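Participant: Take a look at this one; I'll ask things after.
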Amino acid sequence: MSVFKDLWWFFKQEKRSYLTGFFALLILAILDLVPAWMVGQVIDLVNTKQLTYDHLFQYALMLIGLGIVAYICGYLWRISIFGAAYRLGKLLRDRLYKSFTKMSPQFYHKQRIGDMMAHSTNDIQAVTMTAGEGIMTLTDTVVLGGLVVATMAITIDWQLTLLAVLPLPILAYCTNRYGKLLHTRFHLAQKAFSTMNDKVQESMAGVRVIKAFGQEDAEKKEFGGLLDDVVQKNVAVARVDGLYDPTIIILMGISTLITIAVGTLKVLDDTITVGQLTQFSILLGRLIWPMLAFGWLFNIVEKGRASYDRVNALLTTKPQIQDLPDAVAEVPTGDIEYKVKQFQYPETERNTLEDVQFSLRKGQTLGIVGKTGSGKTTLFRLLLREFEGSLAQVFINNRSINQYQMSYLRRAIGYVPQDHILFSANIAENIAFGNPEATGEQIEAAAKVACIHEDIMQLPQGYETVVGERGVTLSGGQKQRVSIARALLLNPEVLILDDSLSAVDAKTEHSILHELRVNRSDKTTMIAAHRLSAVEEADLIIVMEDGRIAERGTHEELMRLGGWYKEMYESQQLESLIMEGGR
């Protein structure tokens, strides 16, 4: 029952709803005892030959009145208790989503998408059931069960009642034992479901690669194995779950047998009347539901406890990178300075960056080039504060970026990553993702700077064309340019292009860079690229090698230096010349 203690904060928050539901269930429990009393009275009147039509008419009116009141109370408790439970589900999902958006990249290195989806669906559903069906069954077990037993003991015969409830301690032991088994097995079942969920998400995202390599059968076989594991784990849960009802029915059967045997003797001894024995038997039948609810309660509670533990573990996880207490609420602008003595990613042993120091004045363009894995993207991630280290400092306007509130820092940056993520929406909505209030003219202006406007106008619905999940209907170059337009629409102080021109041709690349120079003359731009023509006109170019700056300078200075940059530039120019047919 510890899950109810864990959810006490919510019960206090929704106390009006739960109190309304409780009193409605209490009234229903009292009303549920009246028909048994009526039957007992009618039978005794029949035995004494005193039953009249007036008696039957009065009892009929009472039953109609009871039915109306029961209808109202039934509606009230469902709206109150189940309504509150659904609000809990909404609240937990909202908190989870907000928690996911605040987490640092390290969190996502450890967590799988399918696992987080399972937490947001199955686990929260189990917690919602605990706050709804769990409270209902607990109330029925305690209130209805207590009223039935008290009525039998006080109004009929306490000795017969004591004998009838003798099997209940056995029931308590069995349900406690089943609950422990259920908690362990349900936890394993949820974990298996998370693994399967993750596999589905991964396969759907990579379906084109799977088809291209002809791995459909292998993927089906692997998924079949995961599906079998989910089935086995859930069957193990069902085996324990299936023990509740038979156990309760057997024990209630024993109670009924005792009642009939001993009750008959008491009727013969004139201790109780036939009507009272009948009333007692009906009330004992009413006790079946509280006992079934008791078993169901343990089932729901154990599932809810396992799921709430999993959800709460995520909710209590704190982002590794947080705002400092004295962080300023100001959008940073000005010169950028890197002072990185060394930096390494968490859980790695080698340094990713070493002795990287450079400055960039506001309005300048920085080009970063180098081999794959040389540390280009890491420089951007430090500026975005996705990672941080005491020996890796980045300053804007002579103030450490750690001293700015995270939301304001990232408001100053427009980032176009290597992996271009587009959403299942139309092109206009994708471009306006960072600024949903943008007008059509502003969206088109950003698209023109990114050289994607003409391509969009050739699509069937233009800017209203839905691109599909992850932009599946667009080419790689089109997705890159839509992503650039999305960043440009924000008119950020710093624009970062992380190898974001690799999928466009040289002519389009030249056009985009020209538009950026014209439209962002007073803004800072940082470009990482493998194709050196993308950084040729940058104010400062740094060449990264094994996490260090191997060369730095303008294009002309690096060409005179005669190092890696000159060699790679001439190689790429020759390759471009050959591709154009030697012209």
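Participant: Determine if segment 51-59 includes at least one residue that is under 57 Å from the mean Cα position of the chain (by Cα) and either surrounded by 15 or more Cβ atoms within 10 Å (Cβ to Cβ) or among the hydrophobic types (A, V, I, L, M, F, W, C) (or both).
Facilitator: Within segment 51-59, one or more residues are under 57 Å from the mean Cα position of the chain (by Cα) and either surrounded by 15 or more Cβ atoms within 10 Å (Cβ to Cβ) or among the hydrophobic types (A, V, I, L, M, F, W, C) (or both).
Participant: In segment 120-141, what count of residues is obtained for those that are of a type outside the set (Gly, Ala, Ser), at pLDDT below 85 and crowded, with 16+ Cβ neighbours inside 10 Å?
Facilitator: Matching residues across segment 120-141 total 3.
Participant: Restricting the search to segment 36-50, which residues are charged (D, E, K, R) and exposed (fewer than 11 other Cβ atoms within 10 Å of the Cβ)?
Facilitator: LYS49 - this is the single residue of segment 36-50 that is charged (D, E, K, R) and exposed (fewer than 11 other Cβ atoms within 10 Å of the Cβ).
Residue-by-condition table, conditions (1) more than 29 Å from SER120 (Cβ to Cβ); (2) surrounded by 14 or more Cβ atoms within 10 Å (Cβ to Cβ):
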{"position": "SER281", "(1), (2)": "yes, yes"}
{"position": "LEU284", "(1), (2)": "yes, yes"}
{"position": "ILE288", "(1), (2)": "yes, yes"}
{"position": "LEU297", "(1), (2)": "no, yes"}
{"position": "ALA306", "(1), (2)": "no, yes"}
{"position": "ASN312", "(1), (2)": "no, yes"}
{"position": "THR316", "(1), (2)": "no, no"}
{"position": "ILE321", "(1), (2)": "no, yes"}
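Participant: Name every residue in segment 479-503 that is of a type in the set (A, V, I, L, M), without any contact (Cβ under 8 Å) to a residue 60 or more places away in the chain and crowded, with 24+ Cβ neighbours inside 10 Å, in order of residue number.
Facilitator: Correct list: ALA485, LEU501.
Participant: Taking into account only those residues within segment 392-440 that are within 27 Å of the chain's Cα centre (by Cα) and more than 30 Å from THR473 (Cα to Cα), which is surrounded by the most Cβ atoms within 10 Å (Cβ to Cβ)?
Facilitator: LEU409
Participant: OK, next. Please determine whether any residue of segment 267-283 is of a type outside the set (Phe, Trp, Tyr), touching a Leu at 6+ places or on another chain (Cβ under 7 Å) and farther than 17 Å from VAL148 by Cα.
Facilitator: Yes, the conditions are met somewhere in segment 267-283.
Participant: Also, I was wondering about something else. Quick check on this structure: which one of GLY89, GLY21 is in contact with a Ser or Thr (Cβ under 8 Å, 6 or more places away or on another chain), crowded, with 16+ Cβ neighbours inside 10 Å, among the small types (Gly, Ala, Ser) and assigned by TED's automatic domain parsing to the domain that holds GLY132?
Facilitator: GLY89
Participant: Among the listed residues GLU551, GLU557, which satisfies the condition of being surrounded by 16 or more Cβ atoms within 10 Å (Cβ to Cβ) and not aromatic (Phe, Trp, Tyr)?
Facilitator: Testing whether each residue is surrounded by 16 or more Cβ atoms within 10 Å (Cβ to Cβ) and not aromatic (Phe, Trp, Tyr) leaves just GLU551.
Participant: Same structure again: Just the residues that are surrounded by fewer than 19 Cβ atoms within 10 Å (Cβ to Cβ) and not hydroxyl-bearing (Ser, Thr, Tyr), please, taken from segment 148-161.
Facilitator: ALA150, ALA153, ILE154, TRP158, GLN159
Participant: Continuing with this model, one more query. Condition (residue is of a type in the set (Asp, Glu), out of contact with any Asp or Glu (no Cβ under 7 Å at 6 or more places or on another chain), surrounded by fewer than 22 Cβ atoms within 10 Å (Cβ to Cβ) and under 23 Å from ILE443 (Cα atoms)) applied to segment 514-528: is it met by at least one residue?
Facilitator: Checked against the condition, which is being of a type in the set (Asp, Glu), out of contact with any Asp or Glu (no Cβ under 7 Å at 6 or more places or on another chain), surrounded by fewer than 22 Cβ atoms within 10 Å (Cβ to Cβ) and under 23 Å from ILE443 (Cα atoms), segment 514-528 yields at least one hit.
Participant: Going by the conditions given, is ASP309 of a type in the set (Asp, Glu), out of contact with any Leu (no Cβ under 8 Å at 6 or more places or on another chain) and over 30 Å from LEU181 (Cα atoms)?
Facilitator: no
The values are calculated or read from the model by the stated rules, or taken from the named source; none is laboratory data. Everything numeric here is computed off the predicted structure, so don't read it as measured data. Virtual Cβ from ideal backbone geometry, glycine too; neighbours counted across all protein chains shown.
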